[in-house]
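Just below is one structure, and these are the notes that go with it.
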Amino acid sequence: MTGAFPHLTELQSSTVALLCVAGFALVLPQVLDRAKTLHRVLVLAVAFLFAARYAWWRGTETLAPFGPTLDMAASWSLYMLEMAALAGSLSAFVILCRIRSRSEEATEHAGWWRETPPRVAILIATYNEELAVLERTILGARALRHENKEVVVLDDGRRDWLRDFCAKTGTRYLRRADNLGSKAGNLNNALDVLSRDAVPPDFVAVLDADFVPHRGFLSRSLALFHDPKVGLVQTPQHFFNADPIQHNLGVTRSYPDEQRFFFDHMQPSRDAWGIAFCCGTSSMARWEALRDIGGFPTDSVTEDFMITLVLRDAGWATVYLAEPLTEGLAPEGLKEYVTQRARWCLGMMQIARSRVGPLGRNRLRLRDRWSVADAVAYWLTTFPFRIAAVIYPLLYWFFNITVVDARLADVVTYFGCYYLWIMIVLNTLTRGMVVPILNDVSQLLGAIPITRAAVVGLLKPKGHPFKVTAKGGDRGKIVVQWRLMAFFVLLLALTLVGLVLGIFSDRFAYADAGDGKWVILFWTIYNVIVLSTTVLACVELPRRERHVADEPERARFETDEGTHPVWLASLTGDTARVRGQALKPSARGVLDIREVGNVPALVLTPTSDGARLLLMPDEAQREALYLRFYTTDNMPGVANVRAEAMFQDIARRLSFSSGSS
């Protein structure tokens, strides 16, 4: 590098190279067409070159000499973990080289059946959800535009009150004697019952108990079945509440939920390769295809991914329609969030060891086997490496074990350029979805149970119970997840002690690694930020129902004193926030809400610019509120990162923590 810039020092020359890469960040969004495969291939090919250059440098210049030493054990094990994670990332880059949108196809083939609309059975599988969760799903399914449909509730909780509610709403209700096969067994029982109907369905839509379909869900999904080879259509999952990371860090309105990268970018790319997969809820399958494969597979706790492979093995295709056609509840607590991810990981390991695994004797294409291997690599490498990334610097500070032996200038040249280019490309392709620290926090929170699930699932794939993700319930208090937090608090304390020792003393951390000490110093500072944010995320803040997609609209609040024009700022099932008029405490009247009508209301709390109202809707108005909230064809939540707002939200969250303490 000094040959190119002889008048500069090595570090200055490396910095110039880094600035050149950064310069592309200003140009790339102007010239890159995200929809063009050639453009995607070119920028990701450069990422491959930077990755290969970095991996070669790490393997040839930064490792401890080979021999029976702790330095060798530490540096080589870290290198192997890092390279395994890098290989998984490169596989994902290959997938991202292509992308496909089927919206035009769905529009072009809408109503392909011409005459009698196909019959659709909408299966709502439930186990322990409360009525408040189930009611909106059932009402939303009944309100779908497609006429020839039947809503069927599959109750593995065998609850009489749910049976009575279904009878009251005219919804078909099924229960079975046992819970054999968990969710997949519940769905298969329903298929057997439906097969005995005088007129079985032509298609089967699957909804989780907490997922409400938008009114166009059936018609848009059905359009893609114009191709007789399509066995299943998957649509994205959107959420009307914030996931635990968004909520606990206070970035609900500026940072997307963790699933957006997968559903908005990875799945359309997988679809372009023909390897999109079923995600359970928000999907629709062809009846003929389901009967052809004998129903939903019960070999894995993630029957959704597995059914894609079983369908493909039988010659049926799975396609993806990237439109917001359903919305549901994200896990609201960290324990539920981590449990859900660990179950996904376990299920993937079970699939890898199953009859449709990448090494199984089946009729899967090479790309299908690669698809499974890619998913396995993600779970098996990403999370162990995330743990290693916060532990290995401690080996240097406390035991003088060299984990990385590198000059600072080389780190800037090889790692800096590689990492910066990856961030530029990914955020350009995904419209700013990858935020380094927050992305690390989301992985670190579940790293230990996910790593455990990956190892256990590979070694012992059978005999694991299906763990239901709890949804709903009372979330009105601050809850500190001490058991989850303890490990991160310990790591943070050790990292801070190591950092202090490294800065002020050489007694515990000698300079034997040369510039390597500076490398680990910066690495440690980054870890302090990540671990601090992770600890903060373990403090669960109170929640209230809020519809983040709502925008202020005109409304009227009528009392005995007259009509008050107001702005409706937020709306839930039993409260409303209005602005624009001063209202008296305890004033009674009716609030005129669009598409709902005149709802009796009481002023709960006057505010400086309006009031918070208690709503008292009748049964018809409550149903109208549910339909208004959840079944309109819009996208709830945040689609892209809003950087400035995100920093403001995090600062506000930190100030809240300081004020609370």
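The values are calculated or read from the model by the stated rules, or taken from the named source; none is laboratory data. As the structure is a computational prediction, the values presented were derived from the model and not from experiment. Quick reminder, even Gly has a Cβ in these numbers, built from the backbone with ideal geometry, and neighbours come from all protein chains shown. Only protein heavy atoms, including side chains, enter the accessible area calculation; ligands, DNA and RNA are left aside. Shrake-Rupley method; radii C 1.70, N 1.55, O 1.52, S 1.80 Å.
Against the longest alpha carbon principal axis of the chain, how many degrees, from 0 to 90 and to the nearest 10, is the axis of helix 366-399 turned? Helix 366-399 sits at roughly 50 degrees to that axis.
Residues SER254, SER354, SER195, ordered by accessible area of protein heavy atoms at a 1.4 angstrom probe radius and largest first, appear as SER195, SER354, SER254. Rounded to the nearest 5, the antiparallel percentage of DSSP beta bridges internal to the chain is 65%. Averaging the sequence gap over all C-alpha pairs within less than 8 Å and six or more residues apart, then dividing by the number of residues, gives the chain a relative contact order of 17 percent. With respect to the chain, whose longest principal axis is taken over its alpha-carbon atoms, helix 643-660 is tilted by about 90°. Annotation: peptides 96-103, 135-142, ranked by per-residue average of other Cβ atoms within 10 Å with the highest first, follow the order 135-142, 96-103. Put the Cα centre of the range 162-188 next to the Cα centre of the range 255-281 and the gap is 29 Å.
Which shape class applies to the range 58-150: rounded if a/c is under 1.5, otherwise prolate when a/b exceeds b/c and oblate if not, where a ≥ b ≥ c are the square roots of the Cα gyration tensor eigenvalues?
Verdict is oblate for the range 58-150.
Pairing the Cα long axis of helix 37-61 with the longest principal axis of the chain, what angle in degrees results, from 0 to 90 and rounded to the nearest 10? Value to nearest ten degrees: 40. Straight-distance candidates among the aspartates and glutamates for linking to LYS335, with alpha-carbon spacing under 16 Å and chain neighbours fewer than 8 residues away dropped: ASP243, GLU258, ASP474, GLU540.
Applying the Karplus relation 6.51 cos²θ - 1.76 cosθ + 1.60 with θ = phi - 60° to the range 242-258 yields 3J(HN,Hα) values of 7, 6, x, 5, 4, 5, 5, 9, x, 10, 4, 9, 10, 10, x, 5, 4 Hz, where x marks Gly and Pro.
Take the Cβ atoms of VAL41 and ASP178, set R0 to 56 Å, and the FRET efficiency comes out at 0.60. Relative to the Cα centre, the charge distribution of the chain, modelled as +1 at Lys and Arg Cβ and -1 at Asp and Glu Cβ, gives a dipole magnitude of about 780 debye.
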